[in-house]
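The values are calculated or read from the model by the stated rules, or taken from the named source; none is laboratory data. Only a predicted model underlies this, so the values are computations on that prediction, with no experimental measurement involved. Backbone-built Cβ (ideal geometry, glycine too); neighbour counts: all protein chains shown. For accessibility, only protein heavy atoms count, side chains too; no ligands or nucleic acids. Shrake-Rupley method; radii C 1.70, N 1.55, O 1.52, S 1.80 Å.
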Amino acid sequence: MILFSGITKSYAKKPVLDSISLIIKEGELLFITGPSGAGKTTLLKLIYCSERPDKGHITVADWEVSKLKQGEIPELRRNIGIIFQDFKLLPNRTVFDNVALALSIHGMNPGKTRHYVNEILEEVKLLDKANLFPQFLSGGEQQRVVIARAMVSKPVVLLADEPTGDLDVENAKAIMELFSKINRKGTTVVIATHDENLFRGSGHRVIFINDHYIEKEYVG
Ligand SMILES: Nc1ncnc2c1ncn2[C@@H]1O[C@H](COP(=O)(O)OP(=O)(O)OP(=O)(O)O)[C@@H](O)[C@H]1O
Ligand SMILES: [Mg+2]
């Protein structure tokens, strides 16, 4: 599903990733971990083409990501769900509208949009809060809206960067269960995290990045 072949990425001549090769299988749930500054976020950004590699090839499903022209990037992103801390919920839009916006941007008609949004809000157990503004939701609930927003367009890949960073243990566990459920339904999920509790005992593959390369790989 996702292939990294000899990926090298530097910022201002400072290497971050050096000749990384990695295969993420269709339907896999993969964790990326490692110390702060190791390049976890950078690796995710390379997948959705927010950063470009200096060297190497990346493919995601049928897209040669490293060769995409600027105008082709939105099409790639329509197929990738992205959960990043800097993509906040809009405070002046309801839960429903926050999730629906992703679809109306894609040009979906209102009837179909309502159906898709309700379906995913049901899935994250927030249908009863659809008309509230984000400020009236708990941190865990807000994060479930963020996940709903990422999943509403039925992406083939879900990328999450420190998705439980602001949450307590109970909420982090609930979010992780939601990712597992999404993964069991067939979506490939890639999660970058510091939090060992997320992957310990999970049975999923863990990639540990350090010193610009994949230092070890094991089953969590
Ligand atoms: N746009 C940028 N310009 C310059 N340097 C950058 C940029 N983005 C990241 N870096 C640098 O690249 C390195 C890797 O950053 P990255 O955000 O990928 O690390 P990370 O593993 O996600 O860290 P953290 O665990 O703190 O989130 C860091 O040294 C960072 O300062
Ligand atoms: Mg990061």
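Of the residues Val190, Ala174, Gly81, the one whose Cα sits farthest towards the positive end of the charge dipole of region 78-220 is Gly81 (charges of +1 on Lys and Arg Cβ, -1 on Asp and Glu Cβ, taken about the Cα centre).
Debye calculation, C-alpha points only, no solvent: report log10 I(q)/I(0) for region 86-154 at q = 0.15, 0.24, 0.26, 0.27 Å⁻¹, in the same order as the q values. The computed values of log10 I(q)/I(0) come out as -0.38, -1.01, -1.19, -1.28. Listed values for region 124-138 are Karplus-derived 3J(HN,Hα) couplings in whole Hz (6.51 cos²θ - 1.76 cosθ + 1.60, θ = phi - 60°), namely 8, 6, 10, 4, 6, 10, 4, 9, 8, 8, x, 4, 8, 10, 6, and x replaces Gly and Pro. Evaluated with a Cβ-only charge set (Lys, Arg +1; Asp, Glu -1), region 15-60 carries a dipole of roughly 60 debye about its Cα centre, given to the nearest 20.
Say the cut-off is 18 Å between C-alpha atoms; which of Lys14/Lys40; Lys13/Lys55; Lys9/Lys45; Lys40/Lys216; Lys67/Lys154 go over it? Lys67/Lys154, as the Cα separations exceed 18 Å there. Each Cα pair under 8 Å and six or more residues apart adds its sequence gap; the mean of these over the residue count of region 86-154 is a relative contact order of 48 percent.
The mean of 1/r over all distinct Cα pairs in the chain, once inverted, gives the Kirkwood hydrodynamic radius of 17.9 Å. Keeping every protein chain present and rolling a 1.4 Å probe, give me the accessible area per residue for region 86-154 in Å². Accessible surface, normalised per residue, equals 55 Å². Of the peptides 57-68, 147-158, 32-43, the order by per-residue mean of other Cβ atoms within 10 Å, starting with the highest, comes out as 147-158, 32-43, 57-68. Listed by chain and number, the aspartates and glutamates whose alpha-carbon sits under 18 Å from that of Lys129, ignoring those within fewer than 8 places in the same chain, are Asp97, Glu119, Glu141. Accessible surface of the chain, 1.4 Å probe: 50 percent of it comes from carbon and sulfur atoms. Restricting attention to the chain, close to 55% of DSSP beta bridges with both partner residues there are antiparallel.
By the helix-only formula, in which each DSSP H run with n ≥ 4 contributes -39500 (n - 2.57) and the sum is divided by residues, the chain has a 222 nm mean residue ellipticity of -9500 deg cm²/dmol. Simple point charges give the picture: +1 on the Cβ of Lys and Arg, -1 on the Cβ of Asp and Glu, and for region 86-154 a dipole about the Cα centre of about 120 debye.
Assuming charge only on the beta carbon of Lys and Arg (+1) and of Asp and Glu (-1), the dipole of the chain about its Cα centre is about 480 debye to the nearest 20. Note on region 1-60: Cα Rg divided by 2.2 N^0.38 Å, N the number of residues, gives 1.07. If both residues of a DSSP beta bridge must be in region 118-220, then about 55% of such bridges are antiparallel. Among Gly107, Asn92, Gly201, pick out the residue whose Cα is farthest towards the positive end of the charge dipole of the chain, where Lys and Arg carry +1 and Asp and Glu carry -1 on C-beta, about the Cα centre. The residue sitting farthest along the positive end of the dipole is Gly107.
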